[in-house]
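Visitor: The structure is given below, and queries will be raised subsequently.
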Amino acid sequence: MQRTLPLWVAMGAGLVAALASCDGSTTDMPSAFPDASVEAEPPVPPTIDRDDFAQPVLDVDVPGNAPALFEGKDTASTGPCLHEPELGSLIPRNWIRPRFRFTAPNQENLFEIRLDIPGEKTPLRIYTRQSGYTLVSATWKTITAVAVGQTLKVRVRSLVVDAGGKITAGPFLGADGTMEIAPVAAAGTVVYWTTSGGSVLKGFRMGDETVQTVITPPQTGTACVACHTSTPDGKYVAMTVSTNPGDGSGPAFVNLRSLDGTAAEPPFLTASARTLLGRLDQHAPAFSKAHWQDGDHTALTMLPIAGKTEIVWTNLEAPSTNQGEGWGIVARTGDANAASAASFSHDGQTIVYTSSPGSGAGTITGSGALFTVPYTNRAGGAAAAIAGASDPAFHYFYPTFSADDAFLAMNRIPAGPSATSYNNAAAEVFVVPRAGGTPTRLAANDPPACLSTVKSPGITNSWPKWSPEVKRANGKDYYFMVFSSTRYATGHGPQLYVAPIVVSGGVVQTYPALYLWNQPETENNHTPAWDVFELAGPK
């Protein structure tokens, strides 16, 4: 008998979304690898010479004749709504073993999950009494061994049976479609912010089935940790911290700590640099691999200067706190607005940010467009609006560069009186070429269509962060992105999802969201950063 993991854990309706703590963009960081684009081995077309699933899987309390019960013709009524994984999904080859979850509209109590897998003579058939089932590790390993780069057919059907095992309704056909296993892996580590039970940073490597605590406020000598990002080498987390346990927006400053379990500061961080990072109302640190080496450890942060938030650089090896030596303002010629949520390109040449009449906590804006400005060895230069991310009919915020700097991810909402970037239910995720162009709305914004009461906009799809590598296979570029959303009815708190994106011949194809079931469902999980974080826990 195979056992499922527990079903949905009920989340209290009183859980809130993220606390008022630096709800803005943390910068996705560059890969630690020499080239962010790696050519993967092309998948070998399967031959149907295996029969690993000749015997059906019978879950706990399932009658032995369950396969025979489903031999009847489907009725006209609609069956289970599969919402995890979604039909049409593109699943990284190193993904956590899939968990199937669905809702039963007809009070069904017996379910069939069927996967037709290329290379296998017999479909994988799973029978369960529960509205959810998680593949065992050995089964997922077998599937990925034969079907990487291939498309699987998926069907979920259901029955109502009485205590004697007699069918009283059904079979009902619900989900009927496909999903694909990508020929590439999604690399790196996600570190995110949870506000449940106090602010804490937690993290996991792709494929991990549990999360671990990464940084707690006492380790930083403060009362709250919030916005965070990785240093380009993955050894440190840079974060906004505050002495106020209930609000990371102020009095806030920036802190750097190691991820090896000791929470130590970098050895190159001077006393002057520590003082500069400790300036109050300072937020949203950002880095570039091109400016992370001996003699040039540079951080960008958002800091109010003369009543307007500016992008400032800080020399983390600073011999003094003098402006021009220890820190300075990145000039944004032609843009008199405040700056917000800056992101640093991996090649170190460009900064993207939200230009807005005003900014709160370095990241929160009520309106705005995306602008770029050249870094020019800390001097800045002429600021320019990005085509496709500066239409006055919309508010654009939380920009971030892809690992190869080819694309920008961003949030977008309609402009207007309720267009604040903070925790806005109307937020959706888009991508646009770095040089500007037509923005692409991600399919991952939308929950499954069969969840008719849950729609986007309306579910706070927010805070997109790219994976630290772009993988190439069969002439296509594979990108992955993590973001938060309040889409499912387990408590309306934010949870983390991954959005796959494939680019071929300049055409951007997006896929449904993948839910990360290793995160605690009873916690509010938000503001992820995806990078090469070197976590202290076991690999």
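Visitor: List the strands (runs of 3 or more DSSP E) that sit entirely inside region 196-308 and contain at least 1 residues that are buried (at least 17 other Cβ atoms within 10 Å of the Cβ) and touching a Ser or Thr at 6+ places or on another chain (Cβ under 7 Å).
Guide: Working: elements: 200-205, 212-215, 224-230, 236-242, 252-258, 283-286, 296-305.
Fully inside region 196-308 and qualifying: 200-205, 224-230, 236-242, 252-258, 283-286, 296-305.
Visitor: When you look at ILE126, is it surrounded by 19 or more Cβ atoms within 10 Å (Cβ to Cβ), among the β-branched types (Val, Ile, Thr), farther than 30 Å from VAL241 by Cβ and free of Cβ contacts under 8 Å to residues at least 40 places away in the same chain, yes or no? Write out each step before concluding.
Guide: On the way: surrounded by 19 or more Cβ atoms within 10 Å (Cβ to Cβ): yes; among the β-branched types (Val, Ile, Thr): yes; farther than 30 Å from VAL241 by Cβ: yes; free of Cβ contacts under 8 Å to residues at least 40 places away in the same chain: no.
No; evaluated as a whole, the condition is false for this residue.
Visitor: Tell me which residues, restricted to region 272-311, are touching a residue at least 40 places away in the same chain (Cβ under 8 Å) and farther than 24 Å from PRO251 by Cα.
Guide: SER288, LYS289, ALA290, HIS291, TRP292
Visitor: Of the conditions (1) over 21 Å from LEU201 (Cβ atoms); (2) among the β-branched types (Val, Ile, Thr); (3) in contact with a Pro (Cβ under 9 Å, 6 or more places away or on another chain); (4) at pLDDT 95 or above, THR460 fails just one. Which one is it?
Guide: With respect to (1) over 21 Å from LEU201 (Cβ atoms); (2) among the β-branched types (Val, Ile, Thr); (3) in contact with a Pro (Cβ under 9 Å, 6 or more places away or on another chain); (4) at pLDDT 95 or above, THR460 is out only on (1).
Visitor: Now, a different point. Could you count how many residues in region 182-195 are assigned to a strand (DSSP E or B) and either outside the structural domain of ALA263 (by TED's automatic domain parsing) or crowded, with 24+ Cβ neighbours inside 10 Å (or both)? Full working, then the answer.
Guide: Of all residues in region 182-195, those assigned to a strand (DSSP E or B) come to 189-194.
In the following step, the residues that additionally are either outside the structural domain of ALA263 (by TED's automatic domain parsing) or crowded, with 24+ Cβ neighbours inside 10 Å (or both) were identified as 190-193.
Residues in region 182-195 being assigned to a strand (DSSP E or B) and either outside the structural domain of ALA263 (by TED's automatic domain parsing) or crowded, with 24+ Cβ neighbours inside 10 Å (or both): 4 in total.
Visitor: Additional query: Return yes when THR314 is in a strand (DSSP E or B), more than 23 Å from LEU276 (Cα to Cα) and in contact (Cβ under 8 Å) with a residue 40 or more places away in the chain and no when it is not.
Guide: no
Visitor: If you don't mind, there's one more thing I want to ask. Is it the case that TRP517 is out of contact with any helix residue (DSSP H, G or I) (no Cβ under 7 Å at 6 or more places or on another chain) and crowded, with 24+ Cβ neighbours inside 10 Å? Quick ask: steps written out before the conclusion?
Guide: Working: out of contact with any helix residue (DSSP H, G or I) (no Cβ under 7 Å at 6 or more places or on another chain): yes; crowded, with 24+ Cβ neighbours inside 10 Å: no.
When the stated conditions are applied, TRP517 does not pass them.
Visitor: When you scan region 474-482, do you find a residue that is modelled with pLDDT under 95 and of a type in the set (Gly, Ala, Ser), even just one?
Guide: Checked against the condition, which is being modelled with pLDDT under 95 and of a type in the set (Gly, Ala, Ser), region 474-482 yields no hits at all.
The values are calculated or read from the model by the stated rules, or taken from the named source; none is laboratory data. Everything numeric here is computed off the predicted structure, so don't read it as measured data. Positions of Cβ are backbone-derived with ideal geometry, glycine not excepted, and every protein chain shown enters the neighbour counts.
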